[in-house]
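Some notes on the structure that comes next.
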Amino acid sequence: MTRRPSPLLVDGVAVAMALLDVWAHWDIDEPLRMACALAAAVALLLRRPQPLLTFLLTLPAVLLSDAVFACLAALYTLASCNRPRALLVVCALAFAVSDTTSLPSPELDLTRTPTLIALGYSAATAAAAVFLGQLVRTRRDLSLRLAEISEARDHQQLLTAQAVLAKERAQLAREMHDVVSHQVSLIAVRAGALQVGAGDPDTREAAATIRRLSVQTLDELRHMVGVLRASSGHPTELTPQPALSDIQRLADNSGIRTELRMALPEGLPPTVQRAVYRTVQEALTNTRKHAPGATAHIDLSHADGAVRVRVTNTAPTQPPLPLPGAHHGLLGLRQRAELLGGTMTSGPTGDGGYELCVVLPAQDTG
């Protein structure tokens, strides 16, 4: 896998290119214009945390000088973030008009053909920066979605392997209980009868030994059958499973704005903790996919012996990307909740958002 350059290196290259652009248009007789161009180049250091502010700081350099690289880089960064398309159109038009206009004596005569050509060229340049930023954002979202699909596929394969293993263990447990245990029980009974009815002391001692060993074997068989039947417990866990302590990290790494309120007691069964984690995970994935720019509110509470998981998101600020999906996420959550004796409801909210609610018994009913 190709290693991406560090953000610090990329920002350094961007600032260097902007300074090179200033040097190419340097005019010692215009100190104000050159100062604005230099300030715009330095302002690129803020483009990641404050892309819109960076664009506004670099725009005066386009009005006062011919150094436009810094403003184009800021516009590209703004487009690569989850920003409304109307804002991107306004920013692109602002760049085109500023690039065509020359301060302090602006001349923007739209009736002249050269002016229209210059305006069209500037607009095309701004549109190229916007389209490139949008392309990078779409590629990033697709990469995240493909990684989620790969993770879900691997998890499904793991569940399938666990199901096959559990089935084989259950079948083996039945065979041991119905066949082996029955035969060993008969040996113990026969040995007990021989011990009581035999007249020879050596025979009675041998029968007692056989009976003792048979009883010991039965106890060991019962223990093994119990272990094999506990296919949903720790003996069959193949990988570390998520718990409540992992939800904060899940929210922080979701790539969207989240607000988490968790008021759950300690000592919840592992199956309930996993169900809560998977519910929040699926809800955040759906929010990122279907409601770009929305804020997710995660509310985890406990009342009347039940755990309530409620995840809502606000209305999206961007049209959803056409990302691939298997459409099995909510169905899987409903099945998981029903297996644990709980319920799941979901649907749109009145303000254009979406709500997912799962109620689970606080005690494992499995």
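The numbers here are math on the coordinates, done by the rules we state, and not lab data. What you see is a predicted model; the values in this text were computed from it and never measured. Cβ coordinates were reconstructed from backbone atoms using ideal geometry, including for glycine residues, and neighbour counts include every protein chain displayed.
Among Met262, Met17, Met224, the residue with the largest mean-square fluctuation in a Gaussian network model of the chain, with springs joining Cα atoms closer than 10 Å, is Met224. Plainly put, the chain has a radius of gyration that is 1.29 times its Kirkwood radius, both from alpha-carbon atoms, as the Rg/Rh ratio. Compared with the dominant principal axis of the Cα atoms in the chain, helix 113-175 is inclined by about 0°.
Evaluate E = 1/(1 + (r/R0)^6) for Leu218 and Arg257, where r is the Cβ-Cβ distance and R0 equals 41 Å; express this FRET efficiency to the nearest 0.05.
Working: r = 61 Å, r/R0 = 1.48.
Once rounded, the FRET efficiency stands at 0.10.
The amide H of Ala306, built 1.01 Å from its N in the peptide plane, has Ala362 as neighbours under 5 Å, considering only residues 5 or more places off or on other chains.
Residues in the range 296-313 carry Karplus couplings, in order, of 9, 10, 10, 10, 10, 9, 9, 7, 6, x, 9, 9, 10, 10, 10, 10, 10, 10 Hz; the curve used is 6.51 cos²θ - 1.76 cosθ + 1.60 with θ = phi - 60°, and Gly or Pro positions show x. When the Cα positions of Gln273, Gly341, Ala362 are compared along the charge dipole of the range 249-366, Gln273 comes out farthest toward the positive end, with charges on each C-beta of Lys, Arg, Asp and Glu. Summarising the amide proton neighbourhood of Tyr354: residues at separation of 5 or more, or on other chains, whose placed amide H is nearer than 5 Å comprise Asn313, Thr349.
Taking amide H atoms as placed 1.01 Å from N in the peptide plane, the amide H of Arg257 lies under 5 Å from those of Ala296, each 5 or more residues away in sequence or on another chain.
With a ≥ b ≥ c taken as the square roots of the eigenvalues of the C-alpha gyration tensor of the range 7-108, please select rounded if a/c is under 1.5 and otherwise prolate if a/b is larger than b/c or oblate if it is not? Could you put the intermediate results ahead of the total?
Numbers: a/c = 2.47, a/b = 1.19, b/c = 2.07.
Here the range 7-108 falls in the oblate category.
For the range 244-361, what is the Kirkwood hydrodynamic radius in Å, using each pair of distinct C-alpha atoms?
Numbers: mean 1/r = 0.0691 Å⁻¹.
That comes to 14.5 Å for the range 244-361.
The mean sequence distance of close C-alpha pairs (under 8 Å, at least 6 residues apart), as a share of the length of the chain, puts its relative contact order at 10 percent. So for the chain, taking the charge dipole from beta-carbon charges (+1 Lys/Arg, -1 Asp/Glu), which of Thr209, Leu46, Leu135 sits furthest toward the positive end? Going by the Cα projections, it comes out as Thr209. Residues in the range 248-260 carry Karplus couplings, in order, of 4, 5, 4, 5, 5, 9, 6, x, 10, 6, 10, 10, 10 Hz; the curve used is 6.51 cos²θ - 1.76 cosθ + 1.60 with θ = phi - 60°, and Gly or Pro positions show x.
Taking 0.36 nm per intervening residue step and subtracting the Cα-Cα distance, what contour gain separates Ala170 from Gln50 on full extension? Don't skip to the answer; put the middle values down first.
Working: separation 120, 0.36 × 120 = 43.20 nm, distance 5.82 nm.
Result for the pair: 37.4 nm of gain on full extension.
When +1 charges are put on Lys and Arg Cβ atoms and -1 charges on Asp and Glu Cβ atoms, the dipole computed for the chain relative to its Cα centre reaches about 680 debye.
The range 300-320 and the range 1-61 have Cα centres separated by 42 Å.
Here is how the number arises for the chain: DSSP H runs of 4 or more residues each give -39500 (n - 2.57), the sum is divided by the residue count, and the result at 222 nm is -20500 deg cm²/dmol.
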